[in-house]
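One structure is given below, encoded as structure tokens.
Please treat every number below as a calculation from the coordinates, not as lab data. Small disclaimer: the values here were computed from a predicted structure and weren't measured. Here the Cβ is made from the backbone with ideal geometry for all residues, glycine too, and neighbour counts use every protein chain on show.
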Amino acid sequence: MSNSKPVTLCINGRNEEINVPAHRTLLEALRDLGHVEVKRGCEKGDCGACAVLVDGVALDSCLTLAWMCEGSEITTVSGLGNAQDPHPLQTAFIDLGAAQCGYCSPGMIVAAKGFLEEVTDPTDDDIRMALSGNLCRCTGYAKILDAVKHAALLMREEGGKS
Amino acid sequence: MSREFDLHMPDSLEDALNVLSDMESTPLAGGTNLLVDVRSQRERPKRVVALGRVTGLRGISFDGEKTVVGARTTISDLLQSPEIANSGPSLIEAARVFAGQMVRNAGTVGGNIACASPAADLIPPLMSLDAEVTLAGSSGNRTVALADYYQGYKQDIRRPDELITRISWAQLPRNSVNMFYKLARRKGDAITVTSVAVTLSMSNGKCAGARIALGAVAPCVVRAKEPEQLLEGQILSETLIADAAEQAAAQCNPIDDVRASAVYRRHCVQVLVGRLLLQAWNRLA
Amino acid sequence: MTCVDYPDQTAPNVKRSQIGKPLPRTDAPGKVFGSTRFAGDHTMPGMLHMCVVRANVASAILVALDVEKARALKGVVEILTAADMPTPDVQEEISGQDRTNGADTESPILAAERIRYYGEPLALIAAESRDIAEQARQLVEFELKPVRGVYDPLEAMKPGAPVIQGNSNIVAERKIRKGDAAAALENADFIIENTFRTPFQEHAFLEPEAGLAWVDENDVVNIRVCTQDIAHFRAIADAIGVPHNKVRIRGALVGGGFGGKEDCTLEKFLAVMARKTGRPVRLEYSREDSFVGHGKRHPLILRYKTGVMKDGTICGLDVEIIADSGAYLYLSPYVLLYAAVASPGPYRIDNLNVRARAVATNNMYTSAFRGYGAMQACAAYEQQMEEVAKVLEMDPIEFRRLNYLRTGDPVATGFVPPGAIWTEQCVDLAWKAIGGRAKPAQGPVKIGRGIAAYQQSYGRLSFLDDSSEAWVGVELDGTVIVRSGVADIGAGQVSALCQIAAEILGVSLDKVTVYSTDSAVTPMSGRTAATRTLYMTGNATKKAAEAIRTRLTHRAAQAFDVRQDEIEMADGTVAAKSNPGLSMSLGALAKICRDEGISRTELAMFHQTMQDNLDPETGQGQAHPDYVYGAHAVEVSVDTETGEVCVLRSIAAHDIGQCINRAAVEGQIEGGAQNGQGFALSEEMLYEEGRLITPSLSEYLMPTSMDMPRVESIILESRSGIGPFGAKGIGEPAITPVAPAVANAIADAIGVRVYQMPITPERIVNALAQKRQSAGQMS
């Protein structure tokens, strides 16, 4: 690749370097770096499976160029929490059965996280609007709606976990 | 390979315009259209100028006369802006049904204008506000009415060395209503089948001004100027509004595609124009 | 969520600590923390990247295929065409299929000469990187000479139509005859005839097909892939010309299947390339590849002719079904049979004549999809029931009530299902739950309500072999292991097995670990399809766990010196009921068994007794082991000027026999409601001369979060099913009645029916215009 260059990406709080050409998307770069929790669903912004937070804002990583992300904080679903220290959204998705096949879950949770930064006490319709770019084929969105609502409550109680 | 391109990431407008002055570079704003087109190879840019780091292009302000929106302002920015809610309520309605959250976070006002799609959701509202587009180029700036910006399907008057830098519109007259409706095949994250934006203002019980903009029913977003003229200066009645709606439908030029037929689109123009005008007038009265 | 207890429910046969509760699934944490590895998430050192070259017209002769330019590209390692396929003539046997028409319509791995559908694979590329593979794809040159194709099944049945393969385009035919339908229709007070059409539907699972294959040190081809059926290893071995024990499928948690990953998708491509190159190879489909890479739901044309008496009795029914089978056979004969068996619905019809034919065209091939033909039939019969009630001027629910099948009645094939038939209860509860109209009709927006009842089988066709095995073991610390070949496609299939083992062995769910979906090391349990997994593998798991329980309680009874039925297993403890002082941990008991050579593991098989095929002329016999019954009710608003529909309420009532995991059951119902609503309103794969013109998820429109109402689930438990604890199933039933309920609600709202799904705004506007026109002509 004639126009490849090394870029440093800060992913879930750690700097990682990857040599990529200009047209390489953040999705491809993240997956090549082993962050396969970021899912590839359509590569054109129709499904939201690849959503990550870039400086706290949810973006489709398939529509974001890796080069443009140098200097930004990138957060994937694995950066939000883990089994030892789960994010309230993750707890709520488990407890309320919001993950079925689970392929949309990483993007769905990230999109919900980005949205709950702005709206801390959302209505059903707020949540529906925030998640309309995240397709799910298994759940009918009902339990996802419940989980996001419940997580918002947990987050308000915790005073907002970052 | 064919999807490859050179990428410039200038920090300033001046640098961006410098790169664009080669006349064969493609500006990249939110990327939600261009990168999709690159992937499908509908677009094969040699050189891409990413505007993400250019300062001074993002923000919403009121300069005393006009609302000014920087071209890099995102759709989400619009949704959160009290200024927009006040000065261009139809834009909020359009932003609410604009794709999904991630695309709203990335997609920009300038990008939506520049993609020049007849189905671009922000254009009918902006046209109904008489918005103007400011272009900066190596040879200087110019400001043109959005209504004169498009020349055909995906054709606009921007020269390759120019960038859209801002969109602005004057405050609506005191007694005005500005509305938008998007008809699509589903509610969330949908491509427009037909959209309509209207502005009506009233003075002394009469229609002082009318703007009707139609999306996805012609090669580009269009104003329905004859129906506008029909209404201006009149006391609006249901009959007059119906006539205007019929005229709008007669004058648009839709096509058949996977989403809907031309016949249905024309029918919907008539329904929606009539409906929005009536609602707007009733709110004014 | 409501659980209705009917007095005739049998008592639970064990004390329930697990079963029926809404428990977090065992697979949930990995999915929300991002640690679950799906098939496409695996890589290997030295692996190659594959892509597939596909035909860009639907009907053609492949005149020339030149891969030399592509092969010359630096980094391209191998390119394979049909000439390189090891056993091009291997045909998968479709048992029960009538091949009298000579239609030999199995699909080749790669097309050699004749292109029969748009997207048919022509060549496989393996390269050092994705970019190079993609670049090579564009360098492959091929010349296609278009051949007249046929894209409409009705056209394809006419004399002189191009024949896709063999002697005839009619590739499968099924008949059901009972009584004398013709005579009954002659004597009917009213005859109501309507034709209904359903669209191509795409599964649109979020995970596009992906896999990784390599040849290991034992010369075994390992394929890590997302599939609903790991038993395909045999067909793959046949296709690449190796013994069956030289192919191993290591499945993964599947990112949605719905029938779309039931046939082989990219496994054969991977296997043949891994063998040819000797290197690991990886193939990930793009969304565009996925859309042309697996079969769609069969579009059906269903003509219903119903004869009724004035008192509301259905005296005769004549049904004709035409299914578009597309370019290749796949599972069409079975899907067609499901449609035929289901076509009278959950109603008693003594004089019945069903003729169903599957017709080859140059459209995308069609195969399995949740509901499997029965769902399309329901979309027709439940609309027809409403139309008949309208002619009779009867309340549609009361009309149904006069004709319901009830427990103990035979279905269309003459078979009496062993389980309960609670259609009536489900319809009444769903309709009661929907209550009065939400708001009075106002302006151009009208409110409508509709209901639909259904019958959907669970378990595989009775004339096909079906067995399922599961292994259960108790570890020395009291934890439990379950091993089974089950592919979990997102519905919680493996978690349900864990719950069953946990219930029987008296441990909490977090003490159970499951190993699944590996054709070499987990016991084979059949495909995750046909709503069979809980029934078949659930029974096998229960059987295995019970055998262990019997041995363990026997030993514990000895230790405590009490009768064996005095022993209780709960919360990881084994105790005597009569004397709480007598207890030990399950781990301690396991150690005693180890020391004494008492086995703590069991491999059990559940086998479904194989029946004769149905009578070819009358269709009489046993088609399925049992059926699920239920109903769905919907309330909509319809804008009569623009045709826009909003689903306001969606209420499901299903008798699922017995809940295993209540949250998972609700999840299936809610997802089915979405999938069915999309089928009714917005989802349609559109083809123009066979070419897909809706190739993305922005053109193929499944419902988003903004399109879905909350779904209310009413779960009835007759405990009459033949699955574990009296369970039936819910995977397919969840979708079956949804679309006709939506259609009936729309017809109720606007006073006219749209006979073709999806019921788009445009079709609604057109139907209303026609209605106005004909009203104008009449006056």
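For chain B, the alpha-carbon coordinates run over 58, 45, 32 Å along the three principal axes, in decreasing order. Karplus-derived 3J(HN,Hα) values for the stretch C:641-646, using 6.51 cos²θ - 1.76 cosθ + 1.60 with θ = phi - 60°, are 8, 9, x, 5, 10, 10 Hz; glycine and proline are entered as x. Residues in the stretch A:29-36 carry Karplus couplings, in order, of 5, 5, 5, 5, 7, x, 7, 7 Hz; the curve used is 6.51 cos²θ - 1.76 cosθ + 1.60 with θ = phi - 60°, and Gly or Pro positions show x.
Per residue, the Cα convex hull of the stretch C:364-515 amounts to 236 Å³. Both numbers refer to the Cα atoms of chain A; Rg and Dmax are 15.6, 52 Å.
Mean partner shielding of peptide C:280-289, defined as the number of other chain Cβ atoms within 10 Å of each residue Cβ, is 2. Divide by every residue of chain C the summed helix terms, -39500 (n - 2.57) for each DSSP H run of at least 4, and state the resulting mean residue ellipticity at 222 nm, rounded to the nearest 500 deg cm²/dmol. The helix-only estimate for chain C comes to -8000 deg cm²/dmol at 222 nm. Near the amide H of residue C:661, within less than 5 Å, lie the amide hydrogens of C:20, all on another chain or at least 5 residues away, with H placed in the peptide plane.
The base-10 log of I(q)/I(0) for the stretch C:201-303, evaluated at q = 0.14, 0.24 Å⁻¹, reads -0.52, -1.25 [Debye formula, identical scatterers on Cα atoms, solvent excluded].
Separation of the stretch C:105-147 and the stretch C:204-270, taken as the distance between their Cα centroids, equals 20 angstrom.
Using every pair of separate Cα atoms, the Kirkwood estimate puts the hydrodynamic radius of the protein assembly as shown at 31.9 angstrom. A Stokes-Einstein calculation at 4 °C with viscosity 1.567 mPa s, built on the Kirkwood radius of the stretch A:5-78 over Cα pairs, returns a diffusion coefficient of 110 µm²/s. Modelled spin-label separation between residue C:688 and residue C:183, with each label point placed 7 Å from Cα along the Cα-to-Cβ direction: 5.4 nm. Beyond 18 Å, the tail of the calculated P(r) for the stretch A:88-157 holds 23 percent of the Cα pairs. Rounded to whole Å, the principal axis extents of the Cα atoms in chain C read 90, 74, 50, largest first. Cβ-to-Cβ counts within 10 Å put B:207, B:115 in ascending order as B:115, B:207, the fewest first. Diffusion of the stretch C:302-371 by Stokes-Einstein, at 37 °C in a medium of 0.692 mPa s and with Rh set to the Kirkwood radius over alpha-carbon pairs, works out to 248 µm²/s. With coordinates expressed along the principal axes, the C-alpha atoms belonging to the stretch B:34-176 extend over 48, 37, 31 Å, beginning with the largest. Fewest neighbouring Cβ atoms within 10 Å first, the residues B:198, C:391 line up as C:391, B:198. In order along the stretch C:409-418, the phi-based Karplus estimate (6.51 cos²θ - 1.76 cosθ + 1.60, θ = phi - 60°) of 3J(HN,Hα) comes to 7, x, 7, 4, 8, x, 7, 9, x, x Hz; Gly and Pro are listed as x.
Across every direction, the projection of the convex hull enclosing the Cα atoms of the stretch C:538-695 has a mean area of 19.1 nm². Between residue C:437 and residue C:515, full extension at 0.36 nm per residue minus the direct alpha carbon distance yields a gain of 23.2 nm. Ordering B:230, B:236 from the fewest to the most neighbouring beta carbons within 10 Å gives B:230, B:236.
By the Stokes-Einstein formula, at 0.692 mPa s and 37 °C, the stretch B:196-285 with its Kirkwood radius over alpha-carbon pairs has D equal to 253 µm²/s. For the stretch C:577-649, the average shadow cast by the Cα convex hull is 15.2 nm², which is a quarter of the hull's surface.
For chain C, the dipole from Cβ point charges (+1 on Lys and Arg, -1 on Asp and Glu) about the Cα centre works out to 720 debye, to the nearest 20.
Value of Rg to Rh for the stretch C:671-732, rounded to two decimals, is 1.18; Kirkwood radius and Rg both from alpha-carbon coordinates.
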